[in-house]
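Colleague: One structure, pasted below without further comment.
The values are calculated or read from the model by the stated rules, or taken from the named source; none is laboratory data. Remember, predicted model here, so these are calculated numbers, not experimental data. Neighbour counts are summed over all protein chains in view; Cβ atoms, including those assigned to glycine, are modelled from backbone coordinates with ideal geometry. Just so you know, the surface numbers come from the protein's heavy atoms only, side chains and all, with ligands and any DNA or RNA stripped out. Shrake-Rupley method; radii C 1.70, N 1.55, O 1.52, S 1.80 Å.
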Amino acid sequence: MTATILVVDDEPDLEALVLQKFRRQIRDGAMTFVFAHDGIEALASIEQHPHVDMVVSDINMPRMDGLSLLQKLQEAEDKTSTIIVSAYGDMSNIRTAMNRGAFDFLTKPIDFGDLEMTIDKTIRHVEMMREARRRQAEAERAHASLSRYFSPQIASRLAAIGDSDGMEVHWRDVAVIFTDITGFTSLVETAAAEVLGALLNEYVGGMTDVVFAHEGTVAKIIGDAIQILFNAPGEQPDYARRAIACAHDLDIWAQAFRERWKAKGVNFGATRIGVHAGPALVGNFGGSRFFDYTAYGDTINTAARLEAANKFLGTRICVSAVVADAAADFRGRPVGDLMLRGRSEPLRAYEPLPEAVFAESATSQYSDAFAKLEAGDATAMPAFAALVGLHADDALAGFHLKRLLNGAKGVRMQLE
């Protein structure tokens, strides 16, 4: 680094003395000097040389003295480190200079050995401050990038410790949420571009806010589909509980969003949500040029299949038994054993319910009917029929009743 030093003094001989004293540093490219004869000329010189690293200024000068110049320099956004030169014993001016932000001071007549040491010290300070600003800028850029994926709390933590921590690809136990919108392809084909843009931006922004409120990680947004991770990149021992709570809040927000746009004449589909947990390959898959923090593996695929299963079941949220068992005080009702595409073994699934709904009598009625279905009890059909008769909006009970009418006796379902 070549340090550029602005010397401000009205003494005619000082320029030659400085150039003589620092000729070696100038020759080696360590320092370069710019000179001005008063504060006004110094400010003009800084306009022409914005890369000035430090200022050495006398106090007593015509037009604008050194203290006034110092005040102007400290008012600037990028404050320049300044050494003030004053007459020996002028403690009043020295105190004023230090109170106005001078980095250091020298007394006249100038001791050039002292000047050299003071300049060296100031250059080290300037380099340290420049490095601190560089690190802060890097942290801000990292935070801006990480904020696309992570909640503000996690993004700040990762930006502070460096983006290599937890970003490398590795196997990790995670909870995964997949969301998708019914009928979105048809909406894309019929809605005006400006309407679709506003619609999707509001939807993704709102859903992301819900995820971040639960400190989840947005791993992917592909059109209307969102992939969400918990327990990555940081440790979240209660990640299963967080995932289910987040799924509930996503459902509430998406339903309210749907109603708002319906009032505007836009038929926005329901959001389907699938939740599963297990090992996944997690990390930055973007290489050195693109940051793409995401996850791959059977756990991810299963969450996506559970999301799609809602279409057949008539539900909006479908979670695996793995998540339900891991979450404390899970509230929900069994769906059945699903044979999902790509899996060789059935997966027990549940529909999570809000506390108030779980406490309703209809939930216990459903549980009784499901127990009869699971046991092969012939009274399962009338039990589901009664439930559907009393609660016509219970799509899951209607789904089981339809299966029984079609001759299915157990709870295992083949879903594509």
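Colleague: Whether any residue in the range 317-329 is among the hydroxyl-bearing types (Ser, Thr, Tyr) and closer than 21 Å to Ala240 by Cβ is what I want to check.
Modeller: Just the residues of the range 317-329 that are among the hydroxyl-bearing types (Ser, Thr, Tyr), to begin with: 320.
Add one more test, that the residue is closer than 21 Å to Ala240 by Cβ, and what stays is 320.
Yes; the residues of the range 317-329 include at least one that is among the hydroxyl-bearing types (Ser, Thr, Tyr) and closer than 21 Å to Ala240 by Cβ.
Colleague: Turning to a different aspect of this structure: Given the criterion modelled with pLDDT of 90 or more and among the small types (Gly, Ala, Ser), identify the matching residue among Ala225, Ala219, Ala192, Ala160. Step through it out loud before you land on a result.
Modeller: Numbers: Ala219 fails: modelled with pLDDT of 90 or more; Ala192 fails: modelled with pLDDT of 90 or more; Ala160 fails: modelled with pLDDT of 90 or more.
Going through Ala225, Ala219, Ala192, Ala160 in turn, just one is modelled with pLDDT of 90 or more and among the small types (Gly, Ala, Ser): Ala225.
Colleague: Quick check on Phe291: is it part of a loop (DSSP other than H, G, I, E, B), open to solvent by 10 Å² or more (accessible area, probe 1.4 Å) and in contact (Cβ under 8 Å) with a residue 60 or more places away in the chain? Walk me through how you get there before you give the answer.
Modeller: Working: part of a loop (DSSP other than H, G, I, E, B): yes; open to solvent by 10 Å² or more (accessible area, probe 1.4 Å): yes; in contact (Cβ under 8 Å) with a residue 60 or more places away in the chain: yes.
For Phe291, the condition - part of a loop (DSSP other than H, G, I, E, B), open to solvent by 10 Å² or more (accessible area, probe 1.4 Å) and in contact (Cβ under 8 Å) with a residue 60 or more places away in the chain - is met.
Colleague: Kindly indicate which of Thr2, Thr82, Thr107 is open to solvent by 10 Å² or more (accessible area, probe 1.4 Å) and either more than 28 Å from Arg133 (Cβ to Cβ) or in contact with a helix residue (DSSP H, G or I) (Cβ under 9 Å, 6 or more places away or on another chain) (or both). Spell out the reasoning first.
Modeller: On the way: Thr2 fails: either more than 28 Å from Arg133 (Cβ to Cβ) or in contact with a helix residue (DSSP H, G or I) (Cβ under 9 Å, 6 or more places away or on another chain) (or both); Thr82 fails: open to solvent by 10 Å² or more (accessible area, probe 1.4 Å).
Result of the check over Thr2, Thr82, Thr107: Thr107.
Colleague: Here are Ser361, Ser320: which of them is open to solvent by 50 Å² or more (accessible area, probe 1.4 Å), small (Gly, Ala, Ser) and without any contact (Cβ under 8 Å) to a residue 60 or more places away in the chain? Before the answer, list the steps.
Modeller: Details: Ser320 fails: open to solvent by 50 Å² or more (accessible area, probe 1.4 Å).
Just one listed residue meets the conditions, Ser361.
Colleague: Mind telling me which of the residues Asp104, Asp111, Asp38 ends up being at pLDDT below 85, under 18 Å from Asp13 (Cα atoms) and of a type outside the set (Val, Ile, Thr)? Before you say what the answer is, go through the steps one by one.
Modeller: Numbers: Asp104 fails: under 18 Å from Asp13 (Cα atoms); Asp38 fails: at pLDDT below 85.
Exactly one residue qualifies, and that residue is Asp111.
Colleague: Kindly indicate the residue of the range 45-73 that is aliphatic (A, V, I, L, M) and not in a loop (DSSP other than H, G, I, E, B) and also most open to solvent (accessible area, probe 1.4 Å) among those meeting that condition. Can you show your working first?
Modeller: Applying the first criterion (aliphatic (A, V, I, L, M)) to the range 45-73 yields 46, 52, 54-56, 59, 61, 64, 67, 69-70, 73.
Those still in the list that are not in a loop (DSSP other than H, G, I, E, B) too: 46, 54-56, 67, 69-70, 73.
Details: Ile46: 38, Met54: 0, Val55: 0, Val56: 11, Leu67: 18, Leu69: 2, Leu70: 0, Leu73: 10 Å².
Taking the candidates together, the pick is Ile46.
Colleague: When Leu338 is evaluated against the numbered criteria (1) at pLDDT below 90; (2) under 38 Å from the mean Cα position of the chain (by Cα), which criterion, by number, is the only one it fails?
Modeller: (1)
Colleague: How do the pairs read when you match residues in the range 371-388 that are at positive phi with residues anywhere that are surrounded by fewer than 20 Cβ atoms within 10 Å (Cβ to Cβ) and of a type outside the set (Ser, Thr, Tyr), using Cβ under 7 Å and keeping only pairs 6 or more apart or on different chains?
Modeller: That search, which allows pairs on different chains as well, returns Gly376/Lys409.
Colleague: Of the residues Glu351, Glu345, only one is without any contact (Cβ under 8 Å) to a residue 24 or more places away in the chain, within 19 Å of Val411 (Cβ to Cβ) and among the charged types (D, E, K, R); which? Explain how you work it out, then say what you get.
Modeller: Values: Glu351 fails: without any contact (Cβ under 8 Å) to a residue 24 or more places away in the chain.
That would be Glu345, the only listed residue that is without any contact (Cβ under 8 Å) to a residue 24 or more places away in the chain, within 19 Å of Val411 (Cβ to Cβ) and among the charged types (D, E, K, R).
Colleague: Let me ask something else. Test Ala327 against the criterion of being free of Cβ contacts under 8 Å to residues at least 60 places away in the same chain and among the hydrophobic types (A, V, I, L, M, F, W, C), and give yes or no. Spell out the reasoning first.
Modeller: Details: free of Cβ contacts under 8 Å to residues at least 60 places away in the same chain: no; among the hydrophobic types (A, V, I, L, M, F, W, C): yes.
It is false that Ala327 is free of Cβ contacts under 8 Å to residues at least 60 places away in the same chain and among the hydrophobic types (A, V, I, L, M, F, W, C).
Colleague: Sort out which residues of the range 243-267 are open to solvent by less than 90 Å² (accessible area, probe 1.4 Å), farther than 29 Å from Val174 by Cα and touching a residue at least 12 places away in the same chain (Cβ under 8 Å), and write them in order of number.
Modeller: Across the range 243-267, the qualifying residues are Arg258, Trp261, Val266.
Colleague: Is it the case that Lys79 is at pLDDT 80 or above, more than 21 Å from Asp114 (Cβ to Cβ) and among the basic types (Lys, Arg)?
Modeller: no
Colleague: Which of the following residues is more than 23 Å from Thr107 (Cβ to Cβ) and among the hydrophobic types (A, V, I, L, M, F, W, C): Ala44, Ala87, Ala36, Ala16?
Modeller: Numbers: Ala87 fails: more than 23 Å from Thr107 (Cβ to Cβ); Ala36 fails: more than 23 Å from Thr107 (Cβ to Cβ); Ala16 fails: more than 23 Å from Thr107 (Cβ to Cβ).
When all the criteria are applied, what remains is Ala44.
Colleague: How many of the residues in the range 298-327 are small (Gly, Ala, Ser) and within 27 Å of the chain's Cα centre (by Cα)? Show your work before the answer.
Modeller: Of all residues in the range 298-327, those small (Gly, Ala, Ser) come to 303-304, 308-309, 314, 320-321, 324, 326-327.
Still in the running and within 27 Å of the chain's Cα centre (by Cα): 303-304, 326-327.
Residues in the range 298-327 being small (Gly, Ala, Ser) and within 27 Å of the chain's Cα centre (by Cα): 4 in total.
Colleague: So which strands (runs of 3 or more DSSP E) stay within the range 310-416 end to end and still have 1 or more residues that are under 25 Å from Gly278 (Cβ atoms) and in contact with a Cys (Cβ under 6 Å, 6 or more places away or on another chain)?
Modeller: Details: elements: 317-320, 332-339, 347-352, 412-414.
Hits in the range 310-416: 347-352.
So that you can scan it fast, the table gives a plain yes or no per residue for (1) of a type in the set (D, E, K, R); (2) in contact with a Lys or Arg (Cβ under 8 Å, 6 or more places away or on another chain); (3) closer than 18 Å to Leu115 by Cβ:
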position: Glu11; (1), (2), (3): yes, no, yes
position: Leu17; (1), (2), (3): no, no, yes
position: Lys21; (1), (2), (3): yes, no, yes
position: Phe33; (1), (2), (3): no, no, yes
position: Ala44; (1), (2), (3): no, no, no
position: Glu47; (1), (2), (3): yes, no, no
position: Asp53; (1), (2), (3): yes, no, yes
position: Ile83; (1), (2), (3): no, no, yes
position: Gly101; (1), (2), (3): no, yes, no
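Colleague: Just one of Thr122, Thr107, Thr96 is more than 12 Å from Ser57 (Cβ to Cβ), touching a strand residue (DSSP E or B) at 6+ places or on another chain (Cβ under 8 Å), among the polar types (S, T, N, Q) and part of a helix (DSSP H, G or I); which is it? Don't jump to the end; show me each part of the working.
Modeller: Details: Thr107 fails: part of a helix (DSSP H, G or I); Thr96 fails: touching a strand residue (DSSP E or B) at 6+ places or on another chain (Cβ under 8 Å).
Just one listed residue meets the conditions, Thr122.
Colleague: For residues that are assigned to a helix (DSSP H, G or I) and within 16 Å of Thr82 (Cα to Cα), scanning just the range 5-40, find the one that is least open to solvent (accessible area, probe 1.4 Å).
Modeller: Looking only at the range 5-40, we keep the residues that are assigned to a helix (DSSP H, G or I), and these are 14-21, 23-27, 39-40.
Next, from what is left, pick out any that are within 16 Å of Thr82 (Cα to Cα): 39-40.
Details: Gly39: 0, Ile40: 76 Å².
Once the filter is applied, the top-ranked residue is Gly39.
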